[in-house]
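The values are calculated or read from the model by the stated rules, or taken from the named source; none is laboratory data. Predicted model only: the values in this text are computed from it and were never measured. Cβ placement follows ideal geometry from the backbone for every residue including glycine, while neighbour counts extend to all protein chains displayed. For the accessible areas, the whole protein counts, side chains as well, though only heavy atoms, and no ligand, DNA or RNA atoms are used. Shrake-Rupley method; radii C 1.70, N 1.55, O 1.52, S 1.80 Å.
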Amino acid sequence: MTPIADNLDKLRSRIRKAVQACGRNPETVRLVAVSKTFPAETVREAIAAGQNVFGENYIQEAVKKTAILSSLPVSWHFIGHLQTNKAGHAVRIFDLIHSVDSIHLGEELNRQAKKISKVQKILIQVNTGQEDTKSGVCADDVPGLINELKRFENISIQGLMTLPPFFDDPQRAYPYFSALHELSDQIRRENPHRVEMKELSMGMTGDFEVAIKAGATLLRVGTAVFGKRNGGDR
Ligand SMILES: *Cc1c(COP(=O)(O)O)cnc(C)c1O
């Protein structure tokens, strides 16, 4: 077994345990293996070990990596901050963009997706901790943003994403995850049309078990799959 296959094995069993512990259906929780900074060859190892959804943060890096791996049946998700001028690349590569946080970006994704006759699936990134340093819209502004975005026919809102403040004790992230869950329930009640609200993207290596308990459907886990990243995050 390669080290990555071994990591995936251990991670899957931790996910399974956490899902069972709160009585959820295992099919409602998917792992997005965050492969940012790792080369295509490393991703290939994870694919060989049965992983088929990967998360990337940087467009230039993703353009190269996905080209190398284009013959393989994998789904790519974008989880980083997306600049409007990269929207054209993004719609060509990614099945799901987790980080939409403005009308301007949604409008540009809609325009670029239309050009290639695609309906781009997106999530709204919510800054649940109201931190100045993080991207995302604050919770109060999410219903308004969704109201604006839902008229764009080439994007489809699938749910919400958050990156809570960092805590040494992961339990302290629970209220933030839980707030995202409540917000998604509220939006679902208000928007029966064109807004699915079926995905909650939350939980990383340090806190995915807590996120599962709060209702996460997409776990974005990097370090527990690939090991520590060199040079940190750009
Ligand atoms: C890097 C990153 C992750 C993965 O973090 P790990 O702690 O390595 O699991 C998840 N979400 C986002 C938005 C990231 O940038």
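Note on the range 1-111: Cα-only Rg and Dmax are 15.6, 46 Å. Semi-axes of the equivalent ellipsoid of the chain are 26, 23, 16 Å, computed as sqrt(5λ) over the eigenvalues of the C-alpha gyration tensor in descending order.
Suppose accessible area is computed on protein heavy atoms with a 1.4 Å probe; arrange 108, 56, 148 from highest to lowest.
Largest accessible area first, the list is 148, 108, 56.
Largest to smallest in accessible area, the residues 24, 194, 220 fall in the order 194, 24, 220 (1.4 Å probe, all protein chains included).
Under the membrane-span-like helix rule (DSSP H runs whose alpha carbons stretch at least 20 Å along the helix axis, mean Kyte-Doolittle hydropathy -1.0 or higher), the chain yields 3-21, 174-190. For the pair the range 86-132 / the range 5-76, the C-alpha centres are spaced 20 Å from each other.
Before rounding to the nearest 500, sum -39500 (n - 2.57) across all DSSP H runs of length at least 4 in the chain and divide by the residue total; then give [θ] at 222 nm in deg cm²/dmol.
When only DSSP H runs of four or more count, the value is -12000 deg cm²/dmol.
The residues of the chain expose on average 49 square angstrom of accessible surface per residue, using a 1.4 Å probe on protein heavy atoms. Each Lys or Arg adds one and each Asp or Glu takes one away; over the other residues whose Cβ falls under 13 Å from the Cβ of residue 117, this sums to +4. The accessible surface of the chain, taken with every protein chain in place and a 1.4 Å probe, is 49 percent carbon and sulfur.
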